[in-house]
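Taking it in order: structure first as structure tokens, then the write-up.
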Amino acid sequence: MTIDWGIIGESIPLLAEGLVVTLQVSALSAVLGLALGVVFGLGSLSRSRPLRWLVMAYVDFIRGTPLLIQIFLVFFALPMIGIRFDEFWAGVFALSLNASAFVAEVVRGGVGSIEKGQTEAAKAIGMRHSQILVYILLPQAYRQMVPPLTNELISLVKNSSLLSVISVYELTRAGQAIISVHFVPFEIYTLLAVYYYVLIKALSWLSVQLERRLPTW
Amino acid sequence: MVAAVIQVQDLSKSFGDNPVLRGVSLDVALAETVVIIGASGSGKTTFLRCLNRLEEPTGGSVRLDGSPVGEASSERLSAAQRSQFGFVFQRFNLFPHLTARDNVAIGLEKVRGMSRAEARALAEEELSRVHLQDHIDKRPAQLSGGQQQRVAIARALAMKPRVMLFDEPTSALDPELVQEVLDVMKDLAEAGMTMVVVTHEMSFARDVADRVIYMEDGVIAEQGPPDQLFGAPKSAGAQRFLRHLSHD
């Protein structure tokens, strides 16, 4: 077997273009997924039973169905009810919805683990349940939520490769484009693996830095 | 006769099949300091927690200034009602992510609706009252136990409660830190605050209480002025309990 070093040299800059899109999709989805996930997570701890059920049902649905199907649902089914995105935004939306369910579980676990005396002290000065969640419990849970949230972020970045199926020109799709012209699957898929690996290592490192910097009490 | 600030009628509480309070009735007058003593498991902490509805009683009623507590129609109202009781916990329960000042200010801001600047200024004032003006920017973990408990007292007082409830406020403290907390409580009693204090500090009960209540098995077994209850307890239970203490 011979390795086509030439194509690897040519592909590195071509794939960088896809990498930029992967970074954009991942960053947007992470921010949106985190925001939605915090809202859903707090919703699952709310005093309103219908709201809790709604969030539970949503989380259950997301966890119980493949991401690929969720992507197709957003891309193909939503336009049928008049909601139309281009493939980039459909991809961001699908990944965000997916991530939000997992983030909600992390938030629920993190906030739920804060000692009961904190809730009681806040109640005793007259704070309402929603205020206690937002001002007392959630801030105390930040640090312990960083490692599980990092895992979700890593999944999200890897999952973004699935957006190649709806033609988002991200890293995987960029690689497939090269393969379809030059037929060098081994070289390109190996190169893609290296790209993803380095990206995820960098994220893990950033996460450890962030965790170190968050205050302990 | 002056109307009682707190009127408790036949209060009961069970945890599952286990009755912890079995019909407690008690009136507390304005500016009165009531100290509750009794062995652990006698129901004194549960009684205190039922007053501000940290525990939902199984039966009976609590009135504050004549209005029933715990029958508010909305969460907002019942929260507002709860803030009429200042509550001091055995383990302080300060918010560890906030400075001393913000521990006190957060209730003023979020519950009383003050501006942040106003709340923080008032918090500083409250902290000076418990002699912590030099520690306002410290987090709870940077304070001693006695200082933490004083922040907790300031946090409760800042809400301008009608009544202060203390649940064994010195039990979690190192012996040398107990007095600073008791001193603050004594000042408060002398300033005319209505207080209900659960404690094992008999010297505090003797010096500061207007009335001492001895609880046993979820009921008030005996009550009276401190001289009487400590000097000549009538019930066998109180005699045994006090004898036990003096041997500790």
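Residues in the range A:90-113 that are more than 11 Å from the chain's Cα centre (by Cα), more than 15 Å from residue A:149 (Cα to Cα) and open to solvent by less than 10 Å² (accessible area, probe 1.4 Å): A:90, A:91.
Residues checked against (1) in contact with a His (Cβ under 8 Å, 6 or more places away or on another chain); (2) surrounded by 19 or more Cβ atoms within 10 Å (Cβ to Cβ); (3) more than 12 Å from chain A (Cβ to nearest Cβ); (4) at pLDDT 95 or above:
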| position | (1), (2), (3), (4) |
| --- | --- |
| B:91 | no, no, no, yes |
| B:94 | no, yes, no, yes |
| B:98 | no, yes, no, yes |
| B:116 | no, no, yes, yes |
| B:150 | yes, yes, yes, yes |
| B:169 | no, yes, yes, yes |
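Which residue out of B:79, B:141, B:72 is touching a helix residue (DSSP H, G or I) at 6+ places or on another chain (Cβ under 6 Å) and either within 12 Å of another protein chain (Cβ to nearest Cβ) or within 17 Å of residue A:121 (Cα to Cα) (or both)? None of the other options fit; the residue is B:72. For the range B:126-138, the set of residues classified as crowded, with 19+ Cβ neighbours inside 10 Å and either basic (Lys, Arg) or within 14 Å of another protein chain (Cβ to nearest Cβ) (or both) consists of B:126 only.
Within the group A:103, A:165, which residue is touching a Gly at 6+ places or on another chain (Cβ under 7 Å) and β-branched (Val, Ile, Thr)? When all the criteria are applied, what remains is A:103.
Residues are listed down the side, and each one gets a yes or a no for (1) over 27 Å from residue B:119 (Cα atoms); (2) within 13 Å of the chain's Cα centre (by Cα); (3) surrounded by fewer than 19 Cβ atoms within 10 Å (Cβ to Cβ):
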{"position": "B:161", "(1), (2), (3)": "no, yes, no"}
{"position": "B:185", "(1), (2), (3)": "no, yes, no"}
{"position": "B:202", "(1), (2), (3)": "yes, no, yes"}
{"position": "B:205", "(1), (2), (3)": "yes, no, no"}
{"position": "B:215", "(1), (2), (3)": "yes, no, no"}
{"position": "B:223", "(1), (2), (3)": "yes, no, yes"}
{"position": "B:229", "(1), (2), (3)": "yes, no, no"}
{"position": "B:242", "(1), (2), (3)": "yes, no, yes"}
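For residue A:129, the conditions (1) surrounded by fewer than 19 Cβ atoms within 10 Å (Cβ to Cβ); (2) free of Cβ contacts under 8 Å to residues at least 40 places away in the same chain all hold with the exception of (2). Restricting the first member to the range A:166-182 and to residues that are more than 13 Å from residue A:21 (Cα to Cα), and the second to residues that are open to solvent by 10 Å² or more (accessible area, probe 1.4 Å) and of a type in the set (S, T, N, Q), the beta-carbon pairs closer than 9 Å and six or more apart or on different chains are A:176/A:164. I'd like to know if the range A:19-35 contains one or more residues that are more than 29 Å from residue A:216 (Cα to Cα), more than 13 Å from the chain's Cα centre (by Cα) and exposed (fewer than 15 other Cβ atoms within 10 Å of the Cβ). Yes, there is a match, as at least one residue in the range A:19-35 is more than 29 Å from residue A:216 (Cα to Cα), more than 13 Å from the chain's Cα centre (by Cα) and exposed (fewer than 15 other Cβ atoms within 10 Å of the Cβ).
Residues considered: A:187, A:152. Of these, the only one that is over 30 Å from residue A:107 (Cβ atoms) and either acidic (Asp, Glu) or part of a loop (DSSP other than H, G, I, E, B) (or both) is A:187. How about the range A:110-155: which of its residues are in contact with a helix residue (DSSP H, G or I) (Cβ under 6 Å, 6 or more places away or on another chain), polar (S, T, N, Q) and more than 10 Å from chain B (Cβ to nearest Cβ)? Within the range A:110-155, A:144, A:150 meet the criteria.
Residue check: is residue B:108 within 14 Å of chain A (Cβ to nearest Cβ), open to solvent by 40 Å² or more (accessible area, probe 1.4 Å) and free of Cβ contacts under 8 Å to residues at least 60 places away in the same chain? In short, no.
Identify, please: which residue in the range A:172-217 is of a type in the set (Phe, Trp, Tyr) and within 30 Å of residue A:114 (Cα to Cα) and is, among those, least open to solvent (accessible area, probe 1.4 Å)? If we take residues in the range A:172-217 being of a type in the set (Phe, Trp, Tyr) and within 30 Å of residue A:114 (Cα to Cα), then A:217 is least open to solvent (accessible area, probe 1.4 Å).
Being touching a residue at least 24 places away in the same chain (Cβ under 8 Å), in a helix (DSSP H, G or I) and within 14 Å of another protein chain (Cβ to nearest Cβ): is that true of residue B:123 here? Spelling it out, residue B:123 is indeed touching a residue at least 24 places away in the same chain (Cβ under 8 Å), in a helix (DSSP H, G or I) and within 14 Å of another protein chain (Cβ to nearest Cβ).
Note on the range B:33-48: among residues that are in contact (Cβ under 8 Å) with a residue 60 or more places away in the chain and open to solvent by 30 Å² or more (accessible area, probe 1.4 Å), the one that is farthest from the other protein chains (Cβ to nearest Cβ) is B:39. For the condition surrounded by fewer than 20 Cβ atoms within 10 Å (Cβ to Cβ) and among the basic types (Lys, Arg), residue B:76 qualifies. Take residue A:143 and decide whether it is modelled with pLDDT of 95 or more and either open to solvent by 10 Å² or more (accessible area, probe 1.4 Å) or small (Gly, Ala, Ser) (or both). No, not satisfied. For first residues located in the range A:190-217 and within 14 Å of chain B (Cβ to nearest Cβ), partners that are open to solvent by 40 Å² or more (accessible area, probe 1.4 Å) and basic (Lys, Arg) and lie 6+ apart or on another chain with Cβ distances below 6 Å form the pairs A:214/A:143. Being of a type in the set (Asp, Glu) and under 24 Å from residue A:148 (Cβ atoms) holds for only one residue in A:86, A:60, A:4, and it is A:60.
For the range A:75-95, the criterion of a residue being within 30 Å of residue B:94 (Cα to Cα), touching a residue at least 12 places away in the same chain (Cβ under 8 Å) and away from every other protein chain (no Cβ under 12 Å) is satisfied by no position.
In the range B:1-43, which residues are in contact with a Leu (Cβ under 8 Å, 6 or more places away or on another chain) and basic (Lys, Arg)? Of everything in the range B:1-43, just one residue is in contact with a Leu (Cβ under 8 Å, 6 or more places away or on another chain) and basic (Lys, Arg), namely B:13.
The values are calculated or read from the model by the stated rules, or taken from the named source; none is laboratory data. Quick caveat: nothing in here was measured; it's all calculated off a predicted structure. Neighbour counts are summed over all protein chains in view; Cβ atoms, including those assigned to glycine, are modelled from backbone coordinates with ideal geometry. For accessibility, only protein heavy atoms count, side chains too; no ligands or nucleic acids. Shrake-Rupley method; radii C 1.70, N 1.55, O 1.52, S 1.80 Å.
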